[in-house]
Structure formats: C-alpha cells, structure tokens
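Derivation of every value follows stated rules applied to the coordinates shown; laboratory data play no part. All values derive from a computational prediction rather than experimental measurement. Neighbour counts are summed over all protein chains in view; Cβ atoms, including those assigned to glycine, are modelled from backbone coordinates with ideal geometry.
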C-alpha cells in the first residue's frame with residue numbers, strides 16, 4: 001500500500017516536471033523575458049502590460065517563414081494590427097552557427113529587405129525565451145492579452161504547406177484571434193497545431 | 001510592385017523538382033510497382049521510394065512538433081482507384097528544445113494500392129504521381145517531383161521489386177491483435193489521455209512507445225510511457241486542445257528491443273476498434289466505495305417516483321401475507337427478492353453482452369426502444385385489469401383450478417414476478433448514488449458490472465428482505481379484510497396512471513399516430529383479458545373454453561399484426577428538434593460547442609420523456625419561478641438535450657461526464673471555465689447557489 005502511494009506521488013512529481021517542458025497552456029500567464037532587439041533596445045512582455053502582444057517565432061531561412069514573408073502576408077498582418085495598437089515582437093531563437101541565426105546588423109538588413117512591419121525583431125540566440133514558451137516551429141505564434149495571459153498559441157494559418165499559393169484560401173488563426181480579442185470576445189480557436197521548420201536551438 | 005517581385009523570388013526559391021543543397025541532391029524520388037505488368041481489374045501496389053542523403057529526414061503522416069508529411073497526388077486516368085498511403089513505422093527523432101518529430105532517415109517506401117479498371121484498351125499505361133516533401137536536417141527544404149512509371153498491360157503479371165516491397169511491408173504497423181493477446185483502454189484524466197495496454201507479448205520488449213495520429217483539430221503533446229508492476233504499459237498523452245470531448249486517439253503502439261531499432265513492430269489503434277478491457281476480475285481503486293454507492297442507490301430506488309405503483313403493490317402483498325405463518329411470509333418475501341435479483345442480473349448479463357459486442361451501454365437503455373415501452377404498457381394494463389378483478393391470473397404450470405385464493409406455490413411465483421415487475425419499472429429512474437456507481441462500473445470489467453448490479457439489487461431488495469425476515473414488524477400494518485378488494489382496485493388505477501406515463505413516452509418517441517394504434521392494440525388486449533375472466537372459468541364447458549381460447553388468440557395475434565406490426569411500425573418518427581421546449585434551445589453538439597466557445601454561460605438539461613426523475617426535477621426546480629428568473633436575469637443559455645430516442649451525440653456527452661444515463665445537469669459557467677455537474681436530484685437552492693458563482697463573470701461581460 002505504502003509503495004503504491006509512493007509510486008503515485010513520484011508519478012505526479014515526474015509528470016509536473018515533464019509538463020514544465022511543454023508550452024505554457026492557453027489561459028496561463030505568459031512567461032516574461034528581457035532581450036535585446038536588432039536596434040539595441042530591451043524588449044520584454046511585461047513592459048507592454050495593458051496591450052495585446054503578438055509573439056512570432058522567426059527564421060528567415062525557413063521555407064515556411066519565407067512563404068508568409070515572400071507573399072507579403074506577414075507584413076500585412078503586422079501593419080494592420082500594430083496600426084490597432086497591438087505590439088508585435090518577432091523572435092529569432094536560432095543558435096549561433098545554425099540556420100537563421102542573425103546578428104543585429106543582419107536582422108536590420110533582413111527587415112528592410114523584406115519591408116517588415118513588426119514592433120521589434122528580438123534576438124534570442126541562446127534560445128531562453130523560445131524554450132520558456134515551448135516555441136517549436138517557425139513560424140510559431142502566440143497572442144498575449146493586456147493582462148499578460150496567453151489567449152492564442154499555434155499556427156499562423158490553417159494550411160500546413162510551404163506553398164504561398166495556399167495563403168489566400170487558408171484561415172489566418174492569428175488574425176481571427178486578434179480580431180476576436182480586440183472586439184472583446186473569447187478566442188474561438190485558441191490552440192492549434194503550429195507548422196513549419198523546427199526552431200534551431202543549440 | 002516590390003511585393004510581387006518578392007513573391008516571384010520566393011516562388012523561385014521553392015524548387016518544383018528534386019532540390020539540391022550545396023551541390024547535393026537531397027532526395028531522390030522514384031515510382032515503383034510490385035508487378036511487372038498491369039492486369040485489368042486486378043489491384044496491385046505501387047509506391048513512392050524516397051532516398052534521403054545521410055542525416056536528412058522526411059516526415060511521417062503525423063510529423064510531430066515540426067515538419068509536414070510527404071504528399072502524393074496520383075494522376076491516373078478515369079476509372080482507376082488508389083488506396084490510402086501505407087506509412088511504415090517511423091523513427092522518433094529528438095531535436096534541441098524538446099522538439100520531437102516522426103520521420104524517416106535514408107530511405108522510405110510509401111505504398112498505395114492501385115486498382116485499374118476492368119478493361120484497358122492501351123498496351124501500356126503511364127502511372128504518374130506528383131510528390132512533394134519536406135526534407136530537414138539542421139535546416140528544412142521543401143522538394144517535389146513529378147514521378148512517372150510506364151507499365152505494360154497484360155493478361156498476367158509477374159512480381160517485381162520483391163525485395164523492397166516485402167521489406168517495407170514488414171515495416172508496416174499491423175492491425176491490433178486479438179484481445180487475448182493485447183487489450184487497450186483509453187481514459188481521460190483532465191487534460192491528459194491515458195492509453196493502458198495490457199499484453200504479455202508487449203511487456204517483453206524493452207522499448208515501447210505510442211506514436212499518435214491525432215485528428216487535425218486536436219493538438220497533442222509528447223506521449224510519456226510508464227510501466228506498472230503488473231505488466232501493463234500506460235501511455236500518457238497530454239491534450240493541449242481545449243476540447244473535453246477528445247476521449248481517444250488513433251495511433252500506433254511501437255515496440256522492439258531498442259528505440260528506433262530496425263526490428264521494431266507496431267500495432268495500429270483506430271478509435272472505433274478499441275476494445276474495452278474485459279475478463280480479469282481485478283479490483284479497481286475505489287471498488288468497495290462504488291459498490292456501497294450501488295447498494296445505497298438501489299435502496300433509494302424504492303423511493304423514486306417511478307416505483308410508486310410498484311411499492312403500493314408490494315405493500316399490498318405484505319398486507320395480504322400478514323395473516324400467514326412466518327415461514328410462508330419468508331418464502332414469499334424471498335421470492336420477491338429473487339425476482340429483483342433475476343431482473344438485475346439478467347440486465348447486467350445483457351449489458352455485458354452488448355459491451356463486448358462493442359455497443360455503447362447505458363442505464364435504462366431499454367426504455368429508448370418503443371417496442372419495449374409498448375410491451376411494458378401491455379403488462380401494466382394486464383396487471384391493472386387483474387387488480388380490477390376482470391380476470392384472475394393462473395399460471396398454467398401451477399394450475400389449481402377451482403381453488404380460490406393463493407396456494408403457497410402460486411404465491412411464490414406471483415411474488416417472483418412482482419419482484420421482476422417492480423424492478424423493470426424502477427429502471428427509468430436514476431437514483432442519487434446510482435449514477436456515480438454505474439458510471440464507474442460501465443468503464444470496468446464484466447465482473448465489476450455484474451457485482452455492481454448485484455449490489456444494486458441487494459440495496460433495492462433490502463427492505464423487503466428485512467420485512468420478510470422480521471414479520472413481527474408487519475403487525476404495524478392493518479389487518480386483512482374485505483377492504484383489501486377496494487385497495488386492490490385503487491392500486492389498479494395507480495397502474496393505469498403508470499400506463500398513461502408509458503403512453504406519453506411512446507408519444508414522445510413515435511408521435512400521436514403511433515399511440516393511437518398502440519392504444520387500439522391495448523383495447524383489444526383488455527377485451528381478451530375480459531374474455532379470459534368471463535369464459536375461461538372452470539364452470540364453462542370444455543367446448544366453450546376452447547372456442548374462447550381460439551378467439552382470444554386470434555384477437556391478440558390479429559391485432560398485434562395489424563395495429564403494431566403494420567400501423568405502429570409505420571407511424572412517422574417525430575424528431576426531437578420539432579418538439580417544442582418552451583424557452584429551451586434544442587441540443588446539437590455544434591450549438592453547445594459554439595455557445596461554450598463564445599464564453600456564454602450555458603445550462604444543459606439532459607432528459608428523456610420516460611425519465612420520471614427528470615420530469616420531477618423540471619417541474620419542481622427548473623421550471624419554478626425562482627430558477628427561471630435566475631436563468632433569465634443572468635442571461636444563461638438553456639439547452640434541453642432530449643435522450644428519449646437515445647441520440648448518440650447525447651450518449652457521447654453523458655459518457656464524457658461519466659454518467660450512464662439521464663437525468664444529468666451541467667452548467668458551463670462561461671469564459672471557458674470548467675463545467676459544473678449537478679447531482680441527479682435537484683433542489684432550487686442548489687441551482688441558485690451555483691448560479692451565484694456564475695453571475696459575477698457574466699455580469700462583467
């Protein structure tokens with residue numbers, strides 16, 4: 001009997017430990033980070049309390065990221081919602097020496113080349129922020145509400161392909177989540193399976 | 001304009017044919033068939049063979065945390081058919097950052113069955129497949145190829161590419177084995193699904209894993225594997241989607257000597273064929289507690305509204321017994337108790353049979369069948385007529401004609417059937433405790449179900465057993481006398497009230513037309529009962545008795561055939577949507593889901609026309625002015641889920657909440673908070689109290 005109880009307790013302990021490695025669940029408080037962006041400014045989630053924040057995991061070499069920037073889809077979304085007071089942080093968690101890792105200069109060059117419209121491109125070369133969010137894909141999207149709670153986690157849209165031709169017929173989950181949030185509704189599809197390349201952690 | 005330029009640039013970056021990276025062709029793709037020629041009408045297997053350069057991988061049907069599966073788009077002439085892709089067992093690969101993917105290194109053959117039409121005019125056919133894939137190592141590159149294979153058309157064909165096809169056929173997951181070899185069971189625990197596999201064969205392998213194949217809308221996290229001391233393997237899959245209805249997953253159970261070893265085998269698990277764990281009479285946790293609940297529930301069943309006429313019958317029986325000697329009373333009491341047990345054990349065996357046949361099982365499921373309700377109506381009517389004195393029941397095997405009153409043996413048989421009858425009428429009620437106990441038992445082994453019904457029967461029989469064993473207590477009841485005839489007749493009216501209820505149930509199930517024909521049949525049945533009383537008497541001559549008997553048979557069979565077999569059977573079903581529910585919305589899973597998703601507070605009344613507890617709760621609580629007002633002022637969406645005809649969508653939800661049947665009351669407090677489950681018997685204060693907790697949130701909206 002005693003051993004059974006012990007096993008049960010150990011199991012619970014083990015499972016909590018394992019869960020910690022997963023993404024923070026929708027509805028929970030978004031983990032905070034303090035990172036430098038490509039312009040040298042410090043960026044955190046907590047400094048934007050009171051605003052909606054979008055986190056977008058980024059790797060300029062990934063075909064899925066190229067799909068959404070090459071078509072102008074991501075820029076359009078960034079422009080539309082930063083225009084409505086939403087903070088948009090693009091995060092690059094590729095480790096040095098791996099695909100998609102950017103120095104500040106390279107990041108700025110990429111931003112002007114692609115005419116991106118985000119609030120800031122945040123550099124996370126040691127992958128700390130990425131791991132704390134359980135960010136697994138590029139792109140992997142999070143929407144955080146003004147209270148600092150995650151209200152959406154998952155894919156950019158409903159068509160998991162690298163083909164830019166699929167964008168127009170896909171449902172853009174991030175757009176829907178932001179529109180619903182901004183009009184005071186609960187996000188109807190708060191958790192989807194993200195698709196893309198894996199984040200290149202070291 | 002620059003945007004367009006980007007688009008062109010990036011399109012160019014996605015090669016349409018096999019891609020090269022740093023001078024290497026990463027994936028070589030080709031089409032192969034397992035036959036040398038196409039024989040018209042004869043299925044064969046073709047496959048896309050992908051060769052990856054070392055360390056690069058393509059993906060399985062479910063890619064895991066990243067990546068996308070290889071896609072094959074066959075371009076075949078009209079009349080050709082293709083089967084599903086047969087995916088070999090993939091490797092589970094881990095990348096930094098807790099990223100887990102399922103895919104293939106080096107080489108993979110994705111096979112599909114191809115069926116050519118029965119006649120082919122050409123001498124050769126071109127099989128073509130547009131294939132696209134994502135290949136990754138440290139980076140990911142999409143590729144595609146338009147693959148072609150020319151095959152001659154012939155009357156006969158020889159096997160081709162035998163080595164590769166047989167190798168990859170061996171690496172396909174197999175069907176789930178017989179339950180004697182392996183049993184599987186899914187359980188939902190909060191945001192986690194648990195798959196328990198009990199298999200001696202599997203326990204021998206050091207490496208065992210579960211690779212999920214979730215539906216597109218379901219987001220799963222990494223499965224964890226646990227081995228229990230008794231040889232079971234538990235796979236725990238966290239479900240990230242906020243959908244409480246996900247109760248199982250498709251997937252494969254992979255096992256071998258090492259993780260990712262070449263010798264691995266797999267069994268595929270598809271949701272509908274998942275077998276319930278059976279046999280082994282192991283005692284699950286909380287077993288005794290639930291058994292006690294069953295006993296208490298059975299006892300309370302005596303007090304539930306639908307058993308009222310039967311209680312009166314039994315009390316009447318005891319009054320009749322009061323003058324008899326002790327042994328006599330005990331025998332009769334035990335016969336009654338045996339009747340209760342007989343029905344419950346019979347019901348348990350039937351449920352076990354249905355369960356092992358893979359059917360959904362629920363409490364009082366028999367009342368969802370209109371023919372059962374009709375048969376019950378007939379039995380209730382015949383009993384009522386008997387109580388009115390229209391005819392006497394004489395069981396042929398104990399025939400003791402000419403002797404009025406009850407012989408000992410006849411009395412026993414009568415008590416036995418009274419016991420059965422009482423219990424049959426009790427089943428549309430779910431008493432408190434009973435729901436919990438049965439909800440538990442239905443997920444357990446056959447032995448547990450049987451024991452649970454035994455406990456319920458014991459609980460229900462307990463007071464009668466006690467009264468029979470202690471006849472001294474019977475003295476409290478009045479002395480027998482001529483007044484009993486009047487009481488008997490009064491009880492007859494109580495049974496007619498029950499009949500009214502049953503007919504109302506039939507009406508809800510089948511509509512007015514059906515109850516008209518059912519009533520016509522019941523009328524003929526009454527006539528036959530009267531004939532029995534009037535002509536089948538010892539004083540009548542053998543000839544007139546025979547004539548009456550033949551006439552009675554003709555009437556029963558004839559009216560049964562015409563009114564029931566023809567008219568009743570063809571009466572139009574009334575769908576529950578067309579039934580008006582006042583200010584309640586009719587239930588559909590989509591409506592409930594969308595209301596809950598929008599963050600509205602929703603109250604769902606799971607009910608059925610034949611469920612008296614439901615009707616009682618509705619009349620005394622849900623439709624009371626105080627509760628109606630509370631719902632209204634708080635803007636709570638009211639949904640009525642009508643289970644009268646056993647709507648499977650409703651059965652599914654009942655199961656999610658672990659309830660075996662109706663009544664069930666669930667309050668979704670809104671804003672995606674956990675739903676609140678109410679007990680089977682409602683009180684106004686209970687509802688109002690819970691509504692208080694919701695009001696704050698809803699008011700804030």
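Based on the Cβ-Cβ distance from residue B:677 to residue B:583, what FRET efficiency comes out when R0 is 25 Å, to the nearest 0.05? Walk me through the numbers before you get to the answer.
Working: r = 23 Å, r/R0 = 0.91.
E(calc), rounded to 0.05, equals 0.65.
Give me a single rounded figure for B:241-249: the average over its residues of other chain Cβ atoms within 10 Å of their Cβ.
2
Provide A:39, B:232 in ascending order of the number of other Cβ atoms located within 10 Å of each residue's Cβ, fewest first.
Details: A:39 12, B:232 17.
With the sparsest Cβ surroundings first, the list reads A:39, B:232.
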Peptide A:66-75, shielding by other chains (average Cβ, 10 Å cutoff)
4
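Suppose R0 equals 45 Å. What FRET efficiency, 1/(1 + (r/R0)^6) with r the Cβ-Cβ distance, do residue A:182 and residue B:36 give to the nearest 0.05?
Values: r = 63 Å, r/R0 = 1.41.
Result of the calculation: an efficiency of 0.10.
Hey, what did chain A get for relative contact order, percent, Cα under 8 Å, at least 6 apart? Could the numbers behind the result be given before it?
Numbers: 402 pairs, mean separation 54.2, N = 202.
Computed value for chain A: 27 percent relative contact order.
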Spin-label point model (7 Å from Cα, Cβ direction): what's the residue A:112 to residue A:36 distance in nm?
2.0 nm
Extension gain, residue B:270 back to residue B:372 (0.36 nm per residue minus Cα-Cα distance, nm):
33.3 nm
What shape does the stretch A:58-172 take by its C-alpha gyration tensor, where a ≥ b ≥ c are the square roots of the eigenvalues and a/c under 1.5 counts as rounded, a/b above b/c as prolate, and the rest as oblate?
rounded
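Tell me, B:412, B:629, B:230 in order of fewest to most beta-carbon neighbours within 10 Å? Let's see the in-between values first.
Details: B:412 20, B:629 11, B:230 8.
Least crowded to most crowded, the residues run B:230, B:629, B:412.
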Could you state the number of Å between the C-alpha centres of the stretch B:94-151 and the stretch A:87-119?
34 Å
Take every residue in peptide B:55-65, count the Cβ atoms of other chains within 10 Å of its Cβ, and give the average of those counts.
2
At R0 = 30 Å, how high is the FRET efficiency between residue B:540 and residue B:569 if r is their beta carbon distance? Nearest 0.05 is fine.
0.25
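Could you work out [θ]222 nm for chain A from helices alone, using -39500 (n - 2.57) per DSSP H run of at least four and dividing by all its residues? Round to the nearest 500 deg cm²/dmol.
On the way: 6 runs with 65 residues, N = 202.
When only DSSP H runs of four or more count, the value is -9500 deg cm²/dmol.
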Round to a whole angstrom and tell me the spacing of the C-alpha centers of the stretch B:491-506 and the stretch B:612-674.
26 Å
Arranged by the count of other C-beta atoms within 10 angstrom, fewest first, what order do B:264, B:188, B:326 take?
B:326, B:188, B:264
Put a dot 7 Å past each Cα toward the Cβ at residue B:22 and residue B:121; how far apart are the dots in nm?
5.4 nm
Theoretical gain in end-to-end length, residue A:82 to residue A:169 [0.36 nm per residue, Cα-Cα removed]
28.9 nm
Zone residues, the stretch B:73-110, relative to residue B:146, backbone N less than 17 Å from point 7 Å out along Cα-to-Cβ
B:73-77
Evaluate the distance, in nm, between pseudo-label points positioned 7 Å from the Cα of residue B:497 and of residue B:78 along their respective Cα→Cβ axes.
7.1 nm
